[in-house]
Each structure stands twice: as C-alpha cells, then as structure tokens.
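Heads up, the thing below is written out as structure tokens.
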Amino acid sequence: MLVDLSIYELSDGLRRKKFSAKDIVKECYEHIERFNPTVNAFITIRDKDTVLKEAEEKDKNITFDSPILYGLPYILKDSYNTKGLRTTAASNILRSYIPPYNATVYQKLLDVGAILIGKTNMDAWGHGASSENTDFGPVKNPWDISRVAGGSSGGNAAAIATRMAVFGIGEDTGGSIRNPSSWCNTTGLKVSYGRVSRYGCIAYVSSFDTMGPMAKTVQDCANILEVIAGKDPYDGTSSPKSVPKYSDHLTNPVKNITLGMPRECFGEGLDSEIRKLIYDAAKEYEKLGITIKEISMPMLQYGVPVYYVIGTSETSTNLARYDGIRYGQGRDKFSKETMRRIMLGTYALSSGYYDAYYKKAQQGRTLFIKEYHKALSECDAILMPVEPMPATKLGELINNPIQNMLADIYTCQTPVGVPSLALPCGFTKDHLPVGMQIVGKMFDESLLLQLGYAYQKVTDWHKKSITL
Amino acid sequence: MAKFHKALTTHEVSHVAHLARLGLSKEDLEKFQKQLSQIIEFVDELENVDTKGIEPTSQVTGLENVFREDEIKPSLSQEVVLSNAPRKHNGYFVVDAIFNQ
C-alpha cells in the first residue's frame with residue numbers, strides 16, 4: 001500500500017517515477033469510500049475527478065527540485081479557511097459558509113503543491129475531546145467503532161489511521177491534536193505557541209491555539225512542520241524565530257538527555273494499563289542512554305480549571321462575532337456544549353466575577369508557567385500520558401460535561417505555550433491504542449522530534465494498522 | 001474580590017444567557033443551571049491557589065508592540081465581503097431595526 005509509506009519515501013518515489021501522485025490519490029479515495037461511511041471522518045470531501053486532475057497536473061510538472069510535500073494528498077481540520085471551499089468548524093452556524101480567503105497554513109501547502117482532498121470532522125469550534133460535539137455526526141474510532149476517535153481533531157486522526165490521506169493538519173488548544181492521535185494510534189505535534197501562524201484558522205482560545213501536523217510518524221511530522229512554521233505578517237503573535245530544518249536533525253544523538261516523569265501524572269486516576277505502557281516506554285528510553293528522572297509538579301492539578309476558565313472566557317468573546325448578519329446562521333444554532341462554554345466564559349468575564357474567575361485564572365496561569373519552567377530546568381523534556389483512559393464509548397464524554405473537561409487533564413498545558421509530541425506506545429488488552437506525550441521547552445520542537453524519532457526506530461507501535 | 005458562588009440561580013443563568021445573546025428555553029435554563037453550577041464548583045478549586053501579588057498572564061509570545069508598515073494594499077471587494085450575508089440590500093448588510101421596539 002502506497003499510503004503506508006513515509007512522506008520521504010513517497011516524495012522520493014514520485015520523483016523517480018516509481019508511482020504517480022494520481023496513484024496515491026486513487027488509493028486515498030479507495031480508503032475513503034471503504035472506511036468513511038463507518039468512521040465519518042470528513043465533513044467535506046473534494047470531488048474525486050477534480051482532485052485526480054490536480055494530481056495529473058502535479059505528475060506532469062514534478063522535478064527533482066519540487067518541495068517534499070509536492071503531489072501528496074492531505075486533509076485539513078475543518079477549522080481552516082479555504083477560499084471557495086466550505087468551512088464549517090463542525091457547526092450548523094457555518095454549514096454553508098464559503099470563505100473568501102485562505103488560512104496561511106493552507107496557502108503554504110498550496111504553494112508547495114500538496115493536494116487537499118477534504119476537510120475533516122471535529123468538535124465544533126474545538127469544544128470537546130471526543131469529536132462528538134459536531135453537527136455532522138460523531139467520528140468513530142477505527143480501532144473500535146463503538147468508541148470515539150478523540151477530539152477535537154478526531155476526523156484527522158481517524159482518517160490517517162485508515163490511510164485516507166498521507167497526512168493532516170490539526171489544531172491543538174487543550175489537547176486537540178494529541179488526544180485523537182493517542183486514541184487512533186497516530187502521531188501528532190502540538191507546536192509552541194507562535195511557531196505556526198494562526199491566521200485563517202477559526203479561533204477557539206486565541207492565546208492557546210496552535211496549528212500542527214498529524215501523521216503516521218514523527219519523521220512525517222518533521223517534514224510537515226518545516227513547511228508550515230514561521231513568521232506571518234497576518235498573525236502578530238507568530239514568532240520571528242527562524243525555522244530549523246527539523247528533518248535534518250532527527251538522527252541527532254539523544255544520549256545524555258534527561259526525561260522527567262512527574263509523579264503527579266502517574267498516580268490515582270490514570271488507567272493502570274496506560275501507566276505500565278508508559279513505564280515500558282521509559283525503559284526503552286533508558287536503553288537508548290536517556291536518563292529517566294522522577295520530578296514533582298504539584299500545580300498540575302490546577303491545570304484544568306486554569307485552562308477552562310481562560311479558555312471559555314476567550315471563546316465567549318471569539319464566538320460573539322457569530323451574529324448571523326455578515327455570514328453564517330443565528331446563535332440559536334450553537335450546540336449545547338458550545339452554549340455551556342460560552343455561558344461559563346461570559347460569567348467569568350462579567351461584572352463582579354472578573355477578579356474571582358478570569359483574573360484569578362490568569363494569575364494561576366503565571367504560576368503554571370513557573371511550574372513548567374522549574375520542571376524543565378530539572379530535565380530536558382517531560383514524559384507524560386496523553387489521556388487518563390483509552391478511547392471512551394460513544395456518548396460517554398458528550399453527556400458528561402465534567403468528564404469531558406477532565407479528559408484534558410494531561411494535555412491542558414496549553415496556557416504555558418510549550419510544545420508537546422504525542423506518539424503511540426502500545427495497546428491495551430482490548431486492542432485499544434495508547435499514546436504518550438513528550439513535553440519540551442518553548443521552541444524546542446527539534447528535541448521532541450529527535451526523541452520521538454529515536455523511539456520509533458526501536459519500536460513498531462506506530463506501524464500497527466487497522467483491521468476494520 | 002467577589003465571593004465565589006457555589007451554585008448559580010436560574011435567574012443568573014438567564015442573565016448570562018442574555019449577555020451572551022443566547023435564547024434559552026425554560027428546559028435549557030434548568031439544565032444549564034445544574035451543569036454550570038457543577039462546573040463552577042469544579043473550577044472553584046482555584047480558590048486554593050495562593051495568587052497574592054502574582055501578575056496575571058494574558059499571552060506567552062514574549063513579543064511586544066508588533067507593528068507593520070502602514071501601507072495601502074488590495075483588500076477584499078465589497079461583493080466578496082457580502083457574498084456570505086444572509087440578507088443584503090444595495091451593497092449593505094441588512095440588520096433588524098433596534099429603535100422602534
């Protein structure tokens with residue numbers, strides 16, 4: 001199967017004319033036709049014949065100097081504005097919204113000749129950890145269709161796991177790339193805040209939102225990140241720091257690196273099978289010459305409240321623009337989950353409660369940042385679970401607002417802005433995928449990718465594929 | 001500092017819904033009253049964090065005063081800007097009157 005190959009191998013094969021972009025695209029559509037009716041990964045699938053024509057065009061024009069993503073079919077979370085192609089954020093409010101401009105990430109991928117095949121399902125506006133808060137039907141987990149794919153970028157992970165595309169672009173505000181990656185056995189990178197432009201991606205929490213790659217392997221994520229990262233004049237919060245050639249540094253030795261494991265992450269509340277699998281991964285790392293060190297991060301328990309109060313406050317203001325006048329439908333079309341978040345945020349920002357909630361959470365954010373600073377001065381990166389439990393049954397999270405919040409317990413370091421790589425580290429006895437995450441210092445994506453690459457060289461969890 | 005509330009009243013929920021311009025049915029109001037109270041109780045955990053003298057953080061970019069040159073550049077046309085509007089008239093968005101109610 002072509003789509004099982006890495007981005008590097010596919011790109012190399014295209015250049016050497018071993019196969020064509022058209023062959024790859026055809027395979028993706030075969031998988032879409034076979035699996036999508038069951039897993040519901042897409043909101044919009046582009047017309048197959050149009051996409052095949054684009055692929056033919058790429059095949060005609062490819063040269064040895066073409067960019068690495070040239071001619072490769074990929075998917076975008078449906079939060080990215082794509083000119084002329086409907087963009088819904090999985091909400092009925094935008095069910096027939098046709099953007100008049102392109103998100104920067106999409107423009108960059110257009111510029112390098114990658115081929116968009118569709119827009120994927122998600123929790124509306126990013127509000128959720130299960131891709132059930134969508135007006136387009138829940139995404140189902142390809143490993144067990146009675147379970148959720150995770151969220152909010154669940155469509156991407158489910159589609160990559162079933163090889164409906166070579167790679168995807170997700171968005172992570174409180175775990176939205178890492179959570180579905182870990183539940184669907186794919187690899188995803190939440191970048192440092194500001195590493196990739198947010199321009200044109202429908203905002204959830206403007207001061208947390210990050211745009212990042214989702215793919216089959218760490219190496220693929222490196223290849224994608226070096227294309228989409230960088231300063232953007234349209235996003236004042238994008239970083240002017242230069243973008244390393246991440247894929248060139250993957251094989252850098254990881255010996256003498258210290259990985260911290262916060263004891264607060266491995267206590268009560270964590271599924272015992274997940275705990276064991278991450279301890280096993282730590283042992284693999286020790287074999288590679290890495291030092292594992294227990295650290296303490298007592299502030300972690302306040303992560304969810306800090307994330308949630310600031311997050312809902314910002315989303316209540318961001319979603320205030322949906323007035324049904326300039327574009328989109330009226331506010332009665334928001335889902336219940338989204339209404340809850342808007343109301344909590346409005347409450348936290350309202351007169352009399354601002355100091356008690358919003359300001360208090362912002363002060364908590366400062367302490368949370370200090371906590372990570374301290375932890376990352378005792379080690380080079382932090383090894384943690386992604387989720388406290390394997391993929392939940394459909395209906396479990398969406399019907400329980402508190403559980404839905406708590407699913408973000410290990411991934412809500414987004415107020416800190418630090419990067420984190422999620423990658424597969426095994427399966428439960430029930431054959432459900434389990435992921436781990438490695439959290440690094442600001443703009444230290446290189447080290448995370450090196451650590452992930454080293455692990456994927458000596459393990460094959462990421463290669464396990466699905467028997468639907 | 002305002003005192004932390006352990007439970008919201010339906011009146012408060014209705015007030016917040018009005019501020020957020022969300023129309024709620026009576027059924028919704030009662031449901032949200034319970035759920036929001038639970039969530040508020042949960043985030044009240046923050047009360048236990050000593051934040052005396054701690055500066056609030058609103059962003060983590062480390063950047064300040066990001067400026068660009070003030071140049072005139074092409075923008076979206078009026079036609080394009082109006083293309084998604086549910087109601088338009090003579091190149092304008094149509095809104096409901098607010099003064100005669």
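A few remarks follow.
- Between the C-alpha center of segment A:164-217 and that of segment A:335-389 there is a gap of 19 Å.
- Taking amide H as placed 1.01 Å from N in the peptide plane, the amide H of A:Phe443 sits under 5 Å from that of A:Ser192, each at least 5 places away or on another chain.
- Top of B:Gly53, B:Gly62, B:Gly91 by mean-square fluctuation, Gaussian network on chain B, Cα under 10 Å: B:Gly91
- Column: log10 I(q)/I(0), Debye, Cα scatterers of the protein assembly as shown, q = 0.07, 0.11 Å⁻¹: -0.38, -0.98
- Inter-part distance where segment A:13-28 and segment B:20-55 are each reduced to a Cα centre, Å: 52 Å
- Lysine pair count for segment A:195-314 [Cα-Cα under 29 Å; pairs on different chains or 8 or more apart]: 20
- Backbone geometry of segment A:195-209 corresponds, through the Karplus equation with coefficients 6.51, -1.76 and 1.60 at θ = phi - 60°, to 3J(HN,Hα) couplings of 5, 10, 4, 8, 4, x, 9, 4, 6, 9, 10, 4, 8, 10, 4 Hz, x marking Gly and Pro.
- Here the dipole of the protein assembly as shown is about 580 debye; that uses its Cα centre as origin and unit charges on the Cβ of Lys and Arg (positive) and Asp and Glu (negative).
- Virtual paramagnetic centre 7 Å along Cα→Cβ of B:Asp50, amide N under 19 Å, in segment A:357-375: A:360-372, A:374
- Only lysine pairs 8 or more places apart or on separate chains count here, and in chain B those with Cα atoms under 28 Å apart total 10.
- Cα gyration tensor, chain B - rounded (a/c under 1.5), prolate or oblate: oblate
- Going by neighbour counts of Cβ atoms within 10 Å, the residues A:Thr187, A:Thr63 line up, fewest first, as A:Thr63, A:Thr187.
- Close amide-amide hydrogen proximity is noted between A:Arg195 and A:Ser239, each under 5 Å apart and 5 or more residues distant or on a separate chain (H modeled in the peptide plane; Pro and chain starts excluded).
- Vicinal HN-Hα couplings computed from phi for segment A:103-119 (Karplus, 6.51 cos²θ - 1.76 cosθ + 1.60; Hz; Gly/Pro x): 5, 4, 4, 5, 4, 5, 6, 4, 4, 8, x, 6, 10, 6, 10, x, 10
Read the figures in this text as sums done on the coordinates, not as results from a lab. Only a predicted model underlies this, so the values are computations on that prediction, with no experimental measurement involved. Note that each Cβ is placed from the backbone with ideal geometry, even for glycine, and that neighbours are counted across all protein chains shown.
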